[in-house]
Amino acid sequence: MATATQNEKAKLDNRFLKNGIAMIVDGYNAKEIYELMERELNSLMDRHNAGQKFLRAMAVQSPVFGMTVTLISLIQILMHIDDPSTIGPALATALMTTFYGLILANLLLIPLATKLSHRTESEGKLFRAIRVGAIGIHDRVNPQRIQRNMNALLPPSEQRE
C-alpha cells in the first residue's frame, strides 16, 4: 500500500494534496493531518488576504494621490496667473492626474483585488475538499463516500463524478 501511494504521490501537482498524502505515508494520525493542513490553509489565506488589503488600500489612495497632484498643480497655476498662455495646458495636466488616479483605482487595482479574492475563495474550497479526501484516505473510507464528501464542499462546476 505504501509503495503504491508513494508512486501516486510523485505524480501530484498540488502541493497541498502532496503534503496530505505525504503525511498519510509518514504515519500521521487523522487529527495531526487535519491540524497541519488547517494551519497551511490558514497561512495561505493570510498571505492572500494581505495582498488583497494592499491592493484595496492602493485603490483607495490612488484617487487621493491624483487629487493631491491636481491641487499642487492648481497652486502652481495660480502662482503664474500673470501668463494666461500657460493656464490652459497646466490646468489640463492638473485635471488629468485626478483622472489617472481614478483609472488606476477602478480599472486596475479594484479588479485585481476582486480577482485575488475570488481565487482565494476558490482555492480555500479546493483545499478544504482535499483535506476531507486526505482524511478519508487515511481512515480508509469508501472512495465513493470520500468523493461525495469532497464534492459537497465544491461548487457544481468543480465537482467530479
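The values are calculated or read from the model by the stated rules, or taken from the named source; none is laboratory data. Here the structure is a predicted model, which is why all the values come from computation and not from measurement. Backbone-built Cβ (ideal geometry, glycine too); neighbour counts: all protein chains shown. Note: areas computed on protein heavy atoms with side chains; ligands, DNA, RNA excluded. Shrake-Rupley method; radii C 1.70, N 1.55, O 1.52, S 1.80 Å.
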At 1.4 Å probe size, with no ligands or nucleic acids counted, give the accessible surface of residue 123 in Å², nearest ten. 60 Å²
Considering only protein heavy atoms and a probe of 1.4 Å, how much of the accessible area of the chain is carbon and sulfur, as a whole percent? 62 percent
Compute, for the chain, the length of the dipole vector about the Cα centre, with Cβ point charges of +1 (Lys, Arg) and -1 (Asp, Glu) only. Units Debye, rounded to 20. 660 debye
Quick one: net charge of residue 141's neighbours, Cβ under 15 Å, K/R +1, D/E -1? +3
I'd like to check one number: the per residue accessible area of the chain, probe 1.4 Å, reported in Å² as a whole number. 66 Å²
